[in-house]
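Read the structure below first, then the notes.
What follows draws every value from the coordinates through simple rules; no lab data is involved. These numbers come from a predicted model, not from an experiment. Positions of Cβ are backbone-derived with ideal geometry, glycine not excepted, and every protein chain shown enters the neighbour counts.
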């Protein structure tokens, strides 16, 4: 009987562990939000995080958006040709980039680049006792390490998404006029005419949520890193995986909220 | 100055501290010795509030540390960590002046830098080290920077966690002398954890041996060699045979 029930017991343990982990992340998130509004504020650390997370992520987000926009134009043209709807390419590229691909791919690229580096940095600080040193120097690690990064990512990722949207549409435009024989003026007119403010706005809101998630996961796994190189490696991997999954999950929830009513 | 009454701490099934009682008098240098994994660092972390004891009372200058404002309590302490624990992303002077640049009594940047350079000089480092980053320093230099950081705000109590681990004998001697000089000069209360018996003899006024989660022996450094305690004798002479199991 015990052997028969062993897989069920294992599943139960895994579910409980997952729920406990979700609870810890939720508590960590609430603690971070509460510290956002309580001094002291570390403006220099915030500015540094803004540069690292925002400015230095621009090339990778831009390249991703450029190629995605180009590939999207080719795919929509090929698909649309089946029912003589090639003319929808500009509007679908614009809507697809601003609502979905810009924020999601931008968020995932930032997750790969930023969640990993935050988790590795804070994890290393933990195992080398730098976090304990911060405490003994009367500095709250949450305020000094987590809050500036989470705030910077929440503000920087929407900007990255906005820039990525423009570059992605530009990628579609370049492919459209060079490979698909679109007229430049027609392509631009169709893009502008069909695009609504909320298409862009919803993507920017998603970007803010994804930025929050990415930095939060990096900080959470870094702060909870186990000892040694293996512990830091595991924290880094977990941060990227958790951030990526949470981006996709919150993207679905936000899309339901924004577009199904 | 610091009193610990019946301190217990367990991690799962592992009962690290099983009723530690210890008094560190004001202005004295207490050295805690004991084998690896006996909970010496945990004891220091309990005093600092980095680890919460399961039971027992710790007081600093008569105040229970669990009921004292954390920032006020920590402002009385300086700590030298085993690996230095210097902040990689900050230059040396900023590491040393870290506390001076924060809080209600924060100094202007130029003034804090001047204090940092003075403290670096005190531990035998030249001013040009101030603008280097910790990764550019040798192990001995990092320890000295850690020491400068520990004394920068002139604390009443200084903790040293294995200050000579990983250093050659000459550098260990330099660090031991510095610790002794600084503690005497500042009139600070000091608590040091070490395995290094040369350090014990150089730094200690009082010695306490932690074994099996309790203070096995404590007394003035002058009484240590004459003590009949078999645990203490085995440890200070580094004997493989005795009441302390060599394989733990």
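In units of 2.2 N^0.38 Å, what is the alpha-carbon radius of gyration of the stretch A:8-99? The partial results should precede the final answer.
Working: Rg = 22.6 Å, N = 92, 2.2 N^0.38 = 12.3 Å.
Against the empirical 2.2 N^0.38 Å value, I get 1.84 for the stretch A:8-99.
Taking other C-beta atoms within 10 angstrom as a stand-in for reagent exposure, A:157, B:65, A:8 fall in the order A:8, B:65, A:157, fewest first.
Reported value for the protein assembly as shown: 215 Å³ per residue, from the convex hull of its C-alpha atoms.
Each helix, a run of at least 4 DSSP H residues, gives -39500 (n - 2.57); summed and divided by the residues of chain B, these come to -9500 deg cm²/dmol at 222 nm.
With Cα atoms as the point set, the radius of gyration and Dmax of the stretch B:87-151 evaluate to 10.8, 34 Å. Once the Cβ-Cβ distance of residue A:192 and residue A:227 is raised to the sixth power relative to R0 = 51 Å, the FRET efficiency obtained is 0.35.
Relative to its residue count, chain A spans a Cα convex hull of 183 Å³ per residue.
Report, as a whole number in µm² per second, the diffusion coefficient that Stokes-Einstein gives for the stretch A:123-184 at 10 °C and 1.306 mPa s using the Kirkwood radius over alpha carbon pairs.
Numbers: Rh = 15.2 Å.
The diffusion coefficient I find is 104 µm²/s.
When the Gaussian network model of chain B links Cα atoms closer than 10 Å, the mean-square fluctuations of B:154, B:185, B:162 top out at B:185. Taking label positions 7 Å along the Cα-Cβ direction at both residue B:114 and residue B:5, the computed distance is 4.6 nm, reported to one decimal. Here the Gaussian network model covers chain B, with springs between Cα atoms less than 10 Å apart; of B:15, B:99, B:121, B:15 fluctuates the most.
The per residue volume of the convex hull around the alpha-carbon atoms of the stretch B:1-55 is 80 Å³.
Relative contact order of the stretch A:39-259: what whole-number percent is it, with Cα pairs under 8 angstrom and at least 6 residues apart?
Numbers: 343 pairs, mean separation 75.4, N = 221.
Value for the stretch A:39-259: 34 percent.
As a proxy for reagent exposure, ranking A:109, B:209 by other Cβ atoms within 10 Å from fewest up yields A:109, B:209.
Go ahead and run the numbers for FRET between residue B:212 and residue A:55, Cβ-Cβ distance against an R0 of 51 Å, rounding to 0.05.
On the way: r = 55 Å, r/R0 = 1.09.
It comes out at approximately 0.40.
Normalised size of the stretch A:208-248, defined as Cα radius of gyration per 2.2 N^0.38 Å with N residues, equals 1.14. Of the residues B:2, A:169, the one with the fewest other Cβ atoms within 10 Å heads the list, and the complete ranking is B:2, A:169. Centroid-to-centroid, using Cα positions, the stretch A:161-184 and the stretch B:1-75 are 65 Å apart. Centre-to-centre separation between the Cα atoms of the stretch B:122-198 and those of the stretch A:104-129: 32 Å. Spatially, the stretch A:206-261 and the stretch A:20-75 are offset by 10 Å when compared through their Cα centroids.
What is the stretch A:163-219 by shape, rounded, prolate or oblate, if you read a ≥ b ≥ c off the alpha carbon gyration tensor as root eigenvalues and call it rounded for a/c under 1.5, prolate for a/b larger than b/c, and oblate otherwise? Judged from the Cα gyration tensor, the stretch A:163-219 comes out oblate (a/c at least 1.5, b/c at or above a/b).
Please give the FRET efficiency for residue B:225 paired with residue A:71, using the beta carbon to beta carbon distance and R0 = 51 Å, rounded to the nearest 0.05.
Values: r = 79 Å, r/R0 = 1.55.
Efficiency for this residue pair is about 0.05.
Axis angle, to the nearest 10 degrees, between helix A:197-223 and the longest C-alpha principal axis of chain A: 30 degrees.
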